[in-house]
Every structure is written in structure tokens, then in C-alpha cells.
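Report on one structure; see the data block that follows.
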Amino acid sequence: MGVIEFLFGSGRNVVAETAEVSRSNAEGDAARDAALRMAAMSQFGAEFALPKKSLFDRVIDGLNRVPRPAMALGTLGLFTAAMIDPVWFGARMTGIALVPEPLWWLLGAVVSFYFGARHQAKGQDLQRQMAATLAGAPQIMAQLRAIEGLRGPEGAAPADAAAETAPETTPEPAPETAANAALADWRQARG
């Protein structure tokens, strides 16, 4: 009775406390894993969250999306009008033919600058995103090299720890010479 009182009495479980020295508590592991997953999901959510925009910004973004669909649908509407009422369509096209050439140049410049500026802004955003992605490439490559270094021959640990951190270099190709017997033997050995 005294042994049981010693092991399980006074709100303690000596057996469980002793076992936790060599084996972690499964319930504690589950709680830590859940906290880790929640922190990772919060980080991902923050990374992909869109910045909060004002009502003005949303209205302007909506207006910026109108011209291209309006031009495409307007062109389809002109084809439809030409088929439904050719006389009406002919009268409108005669009116367009009377527009002076400088006005056509002005319209072309306005449309070109609008779409050119939009194309440039989108291109710059893409370049910014690519630059941010490429800036992280050295860290990713270092991690991949470290992971590959763990593999070793047939899953064994690598014998040379310095090989894990050494940067990969590719040898510079030697200049072509006809009289280089060693190079010819090497090429022949490689097949």
C-alpha cells in the first residue's frame, strides 16, 4: 500500500513522470503540433492577404477594367448592327469616314498611351515579383544542398561535413586544341 501511495499519491504520477524522461508526452506533442500548424497557417494567410483598399481605389480599379471589354463588345455590336440594319450601319460608317485624320492620330495616341501605360505597370509588377522570388533563390538552393547532403550514398550520412556547405562549381571548359591527347582520351572514355 505504501508503494502505491508513493507512486500515485499526492496528485503525482511518478511512473508517468519517469516515462516522460525517455519518451515525450503524446498529448503535449499533439498540442505543440497543433500550435505549429496554426502559426504556419497564420503566416501563410498573412503572406497572401491582399492589402486593404479604400472605396476610391476599388472604384478606380473597376473603371480601369471597363475600356477593353467595352471596345471588344462594341466591335461585336457593330458587326451585329451591320447584319441587322445595314442602312443604319452605313450611315454611321459614313460619319466616321468624315472624321479628320489628325483626330484619328489623337485617338490612336490616347489609346496607345492608355494600354501602353497599363502594360508597362503590369510588366513592372511582374518584374518586381520575379525579383523578389529570385532574391530568395540562394537560400532555397542552400537548403536543397543541405538536404541532398543528408542523403549520402544509399541513405547513409555524409562522411565529409565540409562537402555539405561547399558551393557547387562547374569547371570552365578548356580551349579546344587538336594536339591534346588527354582530352581526346577523356572524350573517348565518356563515349
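The values are calculated or read from the model by the stated rules, or taken from the named source; none is laboratory data. Predicted, not measured: the structure shown is a model, and the values here were computed from it. Because the Cβ atoms are built from the backbone with ideal geometry, glycine has one as well, and the counts that use them run over all protein chains shown.
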Mind listing whichever residues of the stretch 45-78 are part of a loop (DSSP other than H, G, I, E, B) and out of contact with any helix residue (DSSP H, G or I) (no Cβ under 9 Å at 6 or more places or on another chain)?
Ala49, Leu50, Pro51, Lys52, Ser54, Arg65, Val66
Does Val110 qualify as being of a type in the set (A, V, I, L, M, F, W, C) and in the same structural domain as Lys122 (by TED's automatic domain parsing)?
yes
Qualifying residue in the stretch 110-119 (condition: under 15 Å from the mean Cα position of the chain (by Cα) and charged (D, E, K, R))
no
Top-ranked residue in the stretch 79-132 [being surrounded by 10 or more Cβ atoms within 10 Å (Cβ to Cβ) and not in a helix (DSSP H, G or I); ranked as modelled with the lowest pLDDT]
Val99
